Amino acid sequence: MTLDGTNTWILCEPGAEEVVVVDPGPKDRVHLRRVLSEAEAGGRRVGLVLLTHGHPDHSAGAAVFAGMAGPDVKVRALDPRHRLGDEGLVEGDVVTAGGLDLRIMETPGHSDDSLTFWLPADRAILTGDTVLGYGSTVLEGGLGDYLASLDRLRRFAEDNDAAAVLPGHGPKLDDPLGAIDHYIAHRRERLAQVEAAVRAGARTAREVVEIVYADVDRNLWPAAEWSVQSQLDYLAARNRPQDPA
């Protein structure tokens, strides 16, 4: 679990007999039974499990949950290692289940396999850990990819008049553009701080963390090092001399 726990989203149209479960969460049978009980309330059944990405707090219980829900329930994800069944998820897919259409977007950065789901019926963007309900996300993937994903999500949210962000952790956000703008500004600010630390002599991710995150709980420093390393890699690639044509 991270922050105040992983959000599991149970999606369907009102009155639908089938639901889609997004990110069942960790491999904890007590937790999974609670999710299943909620999903099956009112005589509904689980038709499909989708994963926003493969981190254990979102995906570790997916196969077990699918087995609890029924022999034909599949798990779809971008990374084949986290699937149950032959079908995956890729950019441009439209998944129809529970009376809903969900459009799939690849949004790497938090992880290389991060996905975002667009629910046009609710004008909602289900972001996994790409955008959280509060705080900032850790970067396991590349910063360049993450910034591109945020820019793309912002354009998409504006073009489609998005009304809500359904994050992987934390509360629902009712101002998608404001939330994404905050994330973009935060990343740009952090990048400037990392660059300043490097100019001041820091050479490793740990040395940068000791400067940039000096006022942050040291228990969070290991996670901060992942994000800082991604930023150092980004700066190194950006500043690398280009070969002449």
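Quick note: the coordinates plus some simple rules give every number you see, no bench work behind them. These figures come from a predicted structure and were not determined experimentally. Quick reminder, even Gly has a Cβ in these numbers, built from the backbone with ideal geometry, and neighbours come from all protein chains shown.
Some points to look at:
- Residues satisfying the stated conditions in the range 233-245, i.e. exposed (fewer than 12 other Cβ atoms within 10 Å of the Cβ) and either in contact with a Ser or Thr (Cβ under 9 Å, 6 or more places away or on another chain) or part of a helix (DSSP H, G or I) (or both): ALA236, ALA237, ARG238, ASN239
- Some residue of the range 18-33 being in a helix (DSSP H, G or I), farther than 18 Å from GLY128 by Cβ, in contact (Cβ under 8 Å) with a residue 12 or more places away in the chain and more than 22 Å from the chain's Cα centre (by Cα): yes
- Test: residue in the range 36-44 that is within 17 Å of VAL19 (Cβ to Cβ), under 20 Å from the mean Cα position of the chain (by Cα) and touching a residue at least 12 places away in the same chain (Cβ under 8 Å): no
- Here ASP113 qualifies as farther than 17 Å from ARG154 by Cα, among the charged types (D, E, K, R), in contact with a strand residue (DSSP E or B) (Cβ under 9 Å, 6 or more places away or on another chain) and in contact (Cβ under 8 Å) with a residue 24 or more places away in the chain.
- Residue list for the range 179-232, filter: under 17 Å from TYR146 (Cβ atoms) and in a loop (DSSP other than H, G, I, E, B): none
- From the list ARG188, ARG152, the lone residue that is over 25 Å from PRO56 (Cα atoms), of a type in the set (D, E, K, R) and touching a strand residue (DSSP E or B) at 6+ places or on another chain (Cβ under 9 Å) is ARG152.
- Candidate set from the range 78-100 (those that are among the aliphatic types (A, V, I, L, M) and buried (at least 17 other Cβ atoms within 10 Å of the Cβ)); member that is nearest to ARG45 (Cα to Cα): ALA97
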